[in-house]
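Structure first, then comments.
The values are calculated or read from the model by the stated rules, or taken from the named source; none is laboratory data. Since the model is a prediction, treat every value here as computed from it, not as a measurement. Virtual Cβ from ideal backbone geometry, glycine too; neighbours counted across all protein chains shown.
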Amino acid sequence: MTPLLALLLLLPQSAAPDAASGALLDQRELQAACARLASEHPREATILPLVETPGGRRIDIVRIARGELQAGRPAVLVVAGLDGPQAWTSGVALEAARGLLTSPDAEVRRLLAQATLYVVPRANPDACEARFATPLAETRASVRGGDDDRDGAEGEDAPGDVDGDGLVLQLRVPDPDGEWLVDPRDPRAMRKRDRAKGEVGTHRLMPEGRDSDRDEKTGEDPLLDVVLNRNFPQGWREHALESGAWPTSMPESRALCDFVLAHPEIAAVVVYGELDNCAERPKVRDEWPRRSPSPSEGLPAADADAMAALVKRSAVKFSGRSSGSDAGTFQAWVQAQRGLWSFHANLWSLPMDAEAPKVEGAPEPPADLAEAGEDAKRLRWIDREKETARFVPWRAFQHPDLGPVEIGGFAPYALVEPPQAERARLAGEQARFLASLLRELPRPRVARFAAKDLGAGLLQVELELRNDALLATRSEVARRTGGVRPVRVRLDLPSDATRLAGPAEAQLDLAGLGGKAELTWLVRGVDAEDIAVEIDGPQLTASRVEMEEAR
């Protein structure tokens, strides 16, 4: 069996894959799965087209809601498939939504009647579709960018399948000045030399490909450079090829930003991708810099505490690790510039804590042997789980440009894509997490609304609002940036009544877990039962409460 055939056995085998089983879905299959979900739940699920990509693929949003869609009805936005190698998260997001729709829990049904769930199953279909191409190469970019190696030619040394096995792997090139050496714990694994310990490298590692420009490097000038999740305004890096010509220069990034701006009812965002702030409490930074911070620089303690508490309360275990910077990402933009509650989840990383399989009769390694490197630790898990298609053994190859080399290493997507059964389990967990998030969205209520008769036709009107949910009506970031409008309260009096003291309109913030706000007015010429308050907010269904009702 060839390595490619072994890897393709991980793909769905039926003509109509079922995302509930954790199957991988290409763009056509994903759109069919979305349509099937909408047809099975026509009263709750609606497909909204978002934008067409440069590759001619349509990005859809699945809106899930029960009952009337009133202005201000709070919403949660779920985005998956934003990072090219994370095509598998599309099925997780879609099946998590299905789990909510089919839940027998009365509370879940009530939550879907009070809030809206917007799901973008695949925000980056052009890059994700590389997962289903031949030869198979792990791809993040989807648009031509420029001359990576600054030699005057674009894309002349792209990664490629030199040996024709259907996989774009790595080249291991002997070089006494190289940065890499064979891990003594596992000869299949490579690790970088430790200069501080005087280690000497033995190899160079490069993407499989040709050396067309004769600079003894391969794969350094790919055809595609621009990465969608580096094309958003927050922390956008000028002159970096992966960032694009300008922030939101890609139609996908512009459409996502426009959707968020056009839907102020969105209170929280969940992104499944390379970044993570759920496995551990987000980094704290209470000092507010003059420039708008990125999430990686830290959040106010109140925001970090609330997010960590929500993850803990959901009882969902997040174990992924963040990968890379958040500069120019969608996650950074919605959190730092919009001030939305933003949960970034890298749902799976190949484990590095597995014990090495015991081999009967094998000698124990020397006690002074260096600790295994990361790749050797990953190989322990691969060996234990018998996921052999994830690693292609090194084999000698006569490279047409470099001479004798070895080709092998981790297969494309091997480090980021969980087994199929694990994907199905993660979808169930994320249904629970989304239900917990919907439950903890801010929900101000009138705790007390009363009038005290002061005599001479004067009434002292007192109002107390409380927020019983875990999340505040505005995050600390939103308060500082003004990205979200506060809750608005207006006293409603008959036309012949007079307000002597107190605000005609007040804007309030309510902390989570019983946070409260109190207002007092002095009025004349009105009976208590004719007094009402109107309460609204961008993420709060407008309500009018009469004093008679509050008693």
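Among residues of the range 332-347 that are under 29 Å from residue 422 (Cα atoms), those with a beta-carbon under 7 Å from a residue that is outside any strand (DSSP E or B) and of a type in the set (Phe, Trp, Tyr) at least six positions away or on a different chain give the pairs 332/232; 345/318.
Residue 519 fulfils the conditions (1) over 21 Å from residue 454 (Cα atoms); (2) at pLDDT 95 or above except for a single criterion, (1). When residues in the range 480-503 are screened for being more than 44 Å from the chain's Cα centre (by Cα), assigned to a loop (DSSP other than H, G, I, E, B) and either in the same structural domain as residue 234 (by TED's automatic domain parsing) or not acidic (Asp, Glu) (or both), 4 of them pass.
Test residue 32 against the criterion of being at pLDDT 95 or above and outside any loop (DSSP other than H, G, I, E, B), and give yes or no. Here the answer is yes, as residue 32 does meet what is asked. The strands (runs of 3 or more DSSP E) found wholly in the range 175-281 and carrying at least 2 residues that are under 30 Å from the mean Cα position of the chain (by Cα) and in the same structural domain as residue 343 (by TED's automatic domain parsing) occupy 266-272. Close contacts from the range 162-177, counting a first residue that is farther than 16 Å from residue 401 by Cα and a second that is assigned to a strand (DSSP E or B), with Cβ to Cβ under 6 Å and a gap of 6+ residues or different chains, come to 167/136; 168/159; 169/392; 169/407; 169/408; 169/409.
Every residue, every condition in (1) within 20 Å of the chain's Cα centre (by Cα); (2) touching a residue at least 40 places away in the same chain (Cβ under 8 Å), yes or no:
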| position | (1), (2) |
| --- | --- |
| 37 | no, yes |
| 47 | no, no |
| 50 | yes, yes |
| 55 | no, yes |
| 78 | yes, yes |
| 81 | yes, yes |
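Scanning the range 183-241 for residues that are exposed (fewer than 15 other Cβ atoms within 10 Å of the Cβ), basic (Lys, Arg) and touching a strand residue (DSSP E or B) at 6+ places or on another chain (Cβ under 8 Å) turns up just one, 192.
Summed over the range 303-325, residues that are under 15 Å from residue 278 (Cα atoms) and assigned to a loop (DSSP other than H, G, I, E, B) total 9.
Table: residues versus (1) in a loop (DSSP other than H, G, I, E, B); (2) surrounded by fewer than 17 Cβ atoms within 10 Å (Cβ to Cβ); (3) at pLDDT 95 or above.
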| residue | (1), (2), (3) |
| --- | --- |
| 379 | no, no, yes |
| 395 | no, yes, yes |
| 406 | no, no, yes |
| 409 | no, no, yes |
| 421 | no, yes, no |
| 431 | no, no, yes |
| 435 | no, no, yes |
| 445 | no, yes, no |
